[in-house]
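No lab work stands behind these numbers, since they all come straight from the coordinates. Keep in mind that this is a model prediction, so the values were computed, not measured. FYI the Cβ positions are ideal-geometry reconstructions off the backbone, even for glycines, and counts take in every protein chain you see.
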Amino acid sequence: MMYAPDASSDAVGHRLDFTKKLIGTIAPVRQREALQRWLEVAEKGRVTRKELTPAMFGRTLQFVVLVDVLDGGKDYRHVIEGREVIRWFGKAGDTPFSALYAPQHFAQLKSFYLTVLMTGRPNVRHFMVHSLRDEELAYSQLVLPAVNEEGVVTRLAVVFDFPDPFRRIPDGPLRMFSTWWQMQKGGASETILGDHNWR
């Protein structure tokens, strides 16, 4: 099923109002600034992939991943991974989320992303995951939607934030990933620069 958010003027107005209120609830500066820039584009019309540029994110770009929506939201895959996201989680590549993540984490992401697909408005969620050594990692995701020519949400820009009290990358693979990925990819500290792909 493809999700095309209501494009009526009332629905667009509600979307913009919701986003303005959401900005006031977000503490991390990088997420708040990215949401503000998304809103500035949305107030002029649709936000499409071409608006998701390095200029929209500025120095926050290294904390952003661009995600493809597959099969109407039944699955997803990374298109571009910012270098800080790779530093914290390891490089995922274009592996579908259904194979990349453990079933429980994949289900959490799907239900969260579905709120963005159906409404066409940004949303934020906090996560707590553990490594195989039982180390805790807290982070949040701000998800910014982009639509295609038909108004269907087909891309998501995900802006990560890692709170200061938890600014230590776990030594062991994270349980949020599938067993296969943990075995093949090793620890979460693998670093490969990826921001240049945005340009």
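Some observations on this one:
- Most fluctuating residue given options Thr154, Thr95, Thr60, as computed from a GNM of the chain linking Cα atoms under 10 Å: Thr95
- At full extension, Ala107 and Glu40 could sit 21.0 nm farther apart than now, given 0.36 nm per residue minus the alpha carbon distance.
- Using 0.36 nm per residue and subtracting the Cα-Cα separation, the extra length available between Ala99 and Ala11 on full extension is 28.2 nm.
- Stretchable slack from Met128 to Ile23, in nm (0.36 nm times residue separation minus alpha-carbon distance): 35.6 nm
- Value of [θ]222 nm, deg cm²/dmol, for the chain, DSSP H segments ≥ 4, -39500 (n - 2.57) each, nearest 500: -10500 deg cm²/dmol
- Taken over the chain, lysine pairs spaced eight or more positions apart, or on distinct chains, with alpha carbons under 25 Å apart number 14.
- Using the Cβ-Cβ distance between Glu135 and Met2 with R0 set to 41 Å, the FRET efficiency from 1/(1 + (r/R0)^6) comes to roughly 0.55.
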